[in-house]
Amino acid sequence: MELDKLQKELESTPERQKLRKLRKVLMEQTEKIDSYKTGVKEKEAELAAGTQKLEALLKEYDLEQDDLNIMLEDEECTAAEITESRKSMEKLLERVNSLKKSLSETQEWIKKTTEAIKETYQKGAKTKRDYEAAKTVVETERMERKPVIDKAERDVERIGAQLSPELLKRYKTIKKKYPNPVARVTDNRCSGCGMSLPMNTIKKFASGNGIIECENCARILCRDE
Ligand SMILES: [Zn+2]
């Protein structure tokens with residue numbers, strides 16, 4: 001438990017927390033850039049398709065214009081036919097204008113998003129620098145505490161070696177579930193889970209023979225001394 005405490009302390013220093021936060025920010029920035037880039041690609045494809053469409057519309061408009069010019073010089077052409085042709089050209093022009101507007105909006109979006117990508121890259125570079133700096137501090141912290149943690153690890157091994165393999169195995173199994181696998185018996189209760197121990201268990205425990213576990217939480221029981 002002492003080793004757990006030391007490791008936990010090392011894992012939760014302000015600098016470690018800062019490092020974790022910076023890592024998260026870095027990942028978010030990368031994701032943002034990726035999503036921006038995907039968006040730009042899509043919009044560029046839209047822009048290319050739209051530009052082609054615009055060219056086609058303009059060509060169509062020119063042809064209509066030519067037609068109209070011919071009609072205007074053709075004496076056999078009726079006023080109704082000319083009006084029809086003008087109407088058709090107006091409609092075409094509306095489509096051209098609306099497409100132009102949409103293309104210019106797309107261009108604007110691409111421009112803005114490209115700027116946002118640049119900005120995010122700059123922010124990302126700063127985050128990366130902060131991250132590297134925090135990493136260095138964290139590494140220093142780790143090196144500083146290494147001797148203490150190494151000693152605690154040796155203690156764990158030394159104490160473990162004094163126990164019977166069976167007890168050690170049980171201890172490790174319970175430890176996977178609870179950080180404190182050993183519980184004191186206080187007022188005939190398990191201090192780990194707080195449950196009253198059955199008479200039978202108390203008797204066995206009082207006899208001092210063997211390893212007694214709490215029937216509720218399975219922690220190894222020890223004397224309250
Ligand atoms: Zn218990």
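The values are calculated or read from the model by the stated rules, or taken from the named source; none is laboratory data. Quick caveat: nothing in here was measured; it's all calculated off a predicted structure. Reconstructed Cβ throughout: ideal geometry from the backbone, glycine too, with neighbour counts over all protein chains shown. Side chains included, ligands, DNA and RNA excluded: accessible areas come from the protein's heavy atoms. Shrake-Rupley method; radii C 1.70, N 1.55, O 1.52, S 1.80 Å.
Just the number, please: carbon plus sulfur as a percent of the accessible area of region 165-222, 1.4 Å probe, no ligands or DNA/RNA counted.
Reported share for carbon and sulfur atoms: 53 percent.
Per the Kirkwood formula on distinct C-alpha pairs, the Rh of region 15-149 is how many angstrom? If you can, show how the numbers build up before the last one.
Values: mean 1/r = 0.0499 Å⁻¹.
For region 15-149, inverting the mean 1/r across all distinct Cα pairs yields 20.1 Å.
Given the options GLU141, GLU213, GLU119, which has the most mean-square fluctuation in a GNM of the chain, springs set between C-alpha atoms less than 10 angstrom apart?
Comparing GLU141, GLU213, GLU119 in the GNM, the peak value goes to GLU213.
State the Cα centre-to-centre distance between region 89-154 and region 55-82 in whole Å.
A separation of 54 Å, based on Cα centres.
Return one whole number: the accessible area per residue of the chain in Å², for a 1.4 Å probe.
Details: 16370 Å² over 225 residues.
Computed with neighbouring chains in place, this is 73 Å² per residue.
Percent of Cα-Cα pairs per 5 Å bin, from 0 to the last occupied bin, for the chain, please list those.
Going from the shortest bin to the longest, the percentages are 1, 5, 8, 8, 7, 6, 6, 6, 6, 5, 5, 5, 4, 4, 4, 4, 3, 3, 3, 3, 2, 2, 1, 0, 0, 0.
Which of the cysteines in the chain are isolated, no other cysteine C-beta under 4.7 Å?
When partners are defined as cysteine Cβ atoms under 4.7 Å apart, the chain leaves CYS77, CYS222 without one.
With no solvent and one equal point scatterer per Cα, compute the Debye intensity ratio I(q)/I(0) for region 84-189 at 0.21 Å⁻¹ and report its log10, rounded to two decimals.
-1.12
Would you mind checking which residues have amide H under 5 Å from ARG184's amide H? H placed 1.01 Å from N; only 5 or more apart, or other chain.
Amide H neighbours of ARG184: SER191, GLY192, CYS222.
In terms of the Cα gyration tensor, with a ≥ b ≥ c the square roots of its eigenvalues, is region 6-83 rounded because a/c is under 1.5, prolate because a/b exceeds b/c, or oblate? Could you put the intermediate results ahead of the total?
Working: a/c = 12.08, a/b = 7.72, b/c = 1.57.
It is prolate, given that a/c is not under 1.5 and a/b is the larger ratio.
Across bins of 10 angstrom width beginning at 0, how are the C-alpha pair distances of region 165-222 distributed, in whole percent?
Pairs per bin, as whole percents: 26, 56, 18.
Relative to the first principal axis of the alpha-carbon coordinates of the chain, what is the inclination of helix 14-73, with its axis defined by its Cα atoms, in degrees from 0 to 90 and to the nearest 10?
Relative to the chain, helix 14-73 is tipped by roughly 10 degrees.
Could you work out [θ]222 nm for the chain from helices alone, using -39500 (n - 2.57) per DSSP H run of at least four and dividing by all its residues? Round to the nearest 500 deg cm²/dmol.
Numbers: 5 runs with 176 residues, N = 225.
For the chain, the value works out to -28500 deg cm²/dmol.
With springs only between Cα atoms under 10 Å, which of THR38, THR173, THR120 fluctuates most in a Gaussian network model of the chain?
THR173
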